Amino acid sequence: MNDRYPRLRVWSCLLAGILLAGGVRAALSPGNSGARAPAQKRWLFVWRNLRNPSEVDRMIARFPRARAAGYNGVVFSHNIPEAKAAELKEAAQQNGLDLVAVVMGGTRDRNYVEGVLSKDALFIAQGGAASHQPDNPTRVVNGDFEDVAGDRFRAWPMQDDPGVTTFADHEVTHGGGTSLRMESIGRNQYHHARLAQPLTLQPHRQYRISIWVKTEGLVGVEPEVKVLAVDSGRPISFQTFPCRPTQDWTHYDLGFNSLECRDARIYVGSWSGSAGKVWWDDLRVEEIGLVNVLRRPGCPVTVRGENGPTYEEGRDYQPIADPRLHPWIAFHEPPVIRLAADTRIQDGERLRVSYYHPIIVYEDRVTSCFSEPRIFADWREEVRRVNDLLHPAGFFMSHDELRVMNRCALCQSKGMTAGELLAWNVRQAAQIIRDVRPDAEIWVWSDMFDPMHNAKEHYYAVNGSLVGSWKGLDKDVGIVNWHGRLMGRNCRFFADLGLRQILSGYYDGDEDGSRIARWVESTRDIPGIVGAMYTTWQDKYDAMDTWAEKAWGGAR
């Protein structure tokens, strides 16, 4: 998301002195067709946990400076404490800032994240319980890195630069007598240091990756473990893990679902880096069962005999749940199925269990289901609450980077493509806002509706194509466009749909405002671009004045 942004050109003297409530409106002659009105929306983005009253105070303290730089709106999370609402409203009014509340993010109930199917996992009944038993065990060969010839690791047919960037280390180990060490990664022309081997999976099953990692002085190195489908090269594992530049041996658990894949390839290593060392040891991959099993209407659980009937929850076995359900943590000790006293399940019987579980993208990102009625009920309550507290000028829908979608049974039952499902969902979401506040503005991030960005085929773990998602947007929904790397090439698409746009810039890297200036300049002939938003995810505001000067002329 580190996109970069263009330069605002200097407005001619024809624009001076003609003021409106939202900013300056250009007085354009017919010969000035290339000019457009200066920014009506001049927004500041605040991405903090505003449940904490002290974070609300920090946001309010920034308002006078925002006013001085020409900002006229602040975008923030809806979850403001009731006790701070009046103070926030008054401070915003005194500083000429519209309030724009971000709503419709993640679900409150962990069971309502999007679920991915684990189909017909084997459980064996014994002694009043049924436990998971992988029926087609998956294993990494030489995952302890003990079997070596010099610096080449056997059973790993792909190894970058043995003895140059990848080494067998017999001194620094976690277990056994050898570990895999990677160093001087910049010596590889592509800055790669990787090992890979084939991996056989059972389709539609839940898996755990276990690995130990040690680092020393890493610079520009992002250690990763990846599982890719052999036939397409597409990732089927999406979770990453954080590594400090220097850390002692640290254990990581990663989770994934095999989806439709049987033949895969597992990689360990780095795809970018320059200096430092990283050690790997004791890598395992194993099928797991019922870890973070989701229990909601759209994620049914079925238990059937391998060659017999489908058994009933409450009659043959006790209700299945994971008491340690935590969608943002990939692994913990799995639950077992407890059999009822008068169960029809026999000791030793082989059971096939199907269920749904979440998957994590990057370190901690999960996506909520887009179909469950309760999601819409929660969103309505959210909008009502923030409207009662703050009566904001606008609402900002959180439909962005939706990396797991159209997977659970309820979403699948609609018979829609992922794009159609997203279009349907965003129409429902916008209607909720209109029902509560017919006069409020509605905005949404651009990426999931942009065919040059994420509205495409093969987007992470989304089931099906996202093409056509933009059909869910009507002309009263504004786009906050954050794909600044395109320098406006995608802006024409939204303009042709008749949608207003705000250019979402800075992104923790445009300290002198040169990128937003270029972006504004490159889109000066595109209609409907009504402003810009200083967007920081890292709580960096040192550049907000300089950036505003380049985005809209600052206080002028």
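Readers should treat all values here as calculations from the given coordinates under stated rules, not as data from a laboratory. All of these numbers come straight from a predicted model, not from anything done at the bench. For neighbour counting, all protein chains shown are included, and Cβ atoms are generated from backbone atoms with ideal geometry for every residue, glycine included.
With the biggest extent put first, the Cα atoms of segment 118-364 measure 65, 34, 32 Å across the principal axes.
Taking a ≥ b ≥ c as the square roots of the eigenvalues of the Cα gyration tensor of segment 280-397, is the shape rounded (a/c under 1.5), prolate (a/b larger than b/c) or oblate? Because a/c hits 1.5 or more and a/b fails to exceed b/c, segment 280-397 counts as oblate. Taking every alpha-carbon pair in the chain and binning the separations at 10 Å intervals from zero gives 3, 15, 22, 23, 19, 11, 4, 1, 0 percent.
By DSSP, the beta bridges lying fully in segment 118-364 are antiparallel in about 95 percent of cases.
A Förster radius of 45 Å, combined with the Cβ-Cβ distance separating R434 from Q133, puts the computed FRET efficiency at roughly 0.30. For segment 104-148, the Cα gyration tensor yields ellipsoid semi-axes of 32, 23, 10 Å (square root of five times each eigenvalue, largest first, whole Å). Beta bridges assigned by DSSP with both partners in the chain are antiparallel in approximately 65 percent of cases.
Each of V301, G233, T200 was scored by the projection of its Cα onto the charge dipole of segment 118-364, and the greatest displacement toward the positive side belongs to V301; charges sit on the C-beta of Lys, Arg, Asp and Glu.
Using the Cβ-Cβ distance between R338 and H391 with R0 set to 51 Å, the FRET efficiency from 1/(1 + (r/R0)^6) comes to roughly 0.50. Extension gain, R67 to N49, is 4.2 nm, computed as 0.36 nm per intervening residue step minus the present C-alpha separation. Taking 7 Å steps out from each Cα toward its Cβ at S274 and V164 produces label points 2.0 nm apart. You can think of it this way: the chain between E313 and A377 has 20.3 nm of extra reach, that is 0.36 nm per residue less the Cα-Cα gap. Of the chymotrypsin sites (Phe, Trp or Tyr not before Pro) found in segment 56-115, none is in coil by DSSP with at most 14 other Cβ atoms within 10 Å of its Cβ. Label 7 Å along Cα→Cβ of S354; segment 190-204 residues with amide nitrogen under 13 Å? From segment 190-204, the list is 204.
Taking a virtual spin label 7 Å from the Cα of V219 along the C-beta vector, which residues in segment 245-272 bring their backbone nitrogen under 15 Å of it? Residues passing the 15 Å test: 245-246.
Checking every one of the GluC sites (Glu not before Pro) in segment 358-399 against DSSP loop status and a limit of 14 other Cβ atoms within 10 Å picks out E363. Loop-located GluC sites (Glu not before Pro) across segment 421-517 with a Cβ neighbour count of 16 or fewer within 10 Å are E457, E511, with loop assigned by DSSP. With all pairs of separate Cα atoms included, segment 152-246 yields a Kirkwood hydrodynamic radius of 15.1 Å.
Judged by the mean number of other Cβ atoms found within 10 Å, the most tightly packed of the peptides 351-357, 242-248, 154-160 leads the ranking 351-357, 154-160, 242-248.
In this simple spin-label model, placing a label point 7 Å from the Cα along the Cα-to-Cβ direction at both D231 and E260 gives a separation of 0.7 nm. Each label point was placed 7 Å from the Cα along the Cα-to-Cβ direction; for M452 and D539 their separation is 3.4 nm. For the pair segment 468-485 and segment 156-203, the centres of their Cα atoms are 43 angstrom apart.
Within the chain, the selection of entire DSSP H helices by a Cα span of 24 Å or greater along the long axis and an average Kyte-Doolittle value of at least 0.0 returns 418-436. If R0 is 30 Å, the Cβ-Cβ spacing of V141 and I329 corresponds to a FRET efficiency of close to 0.60.
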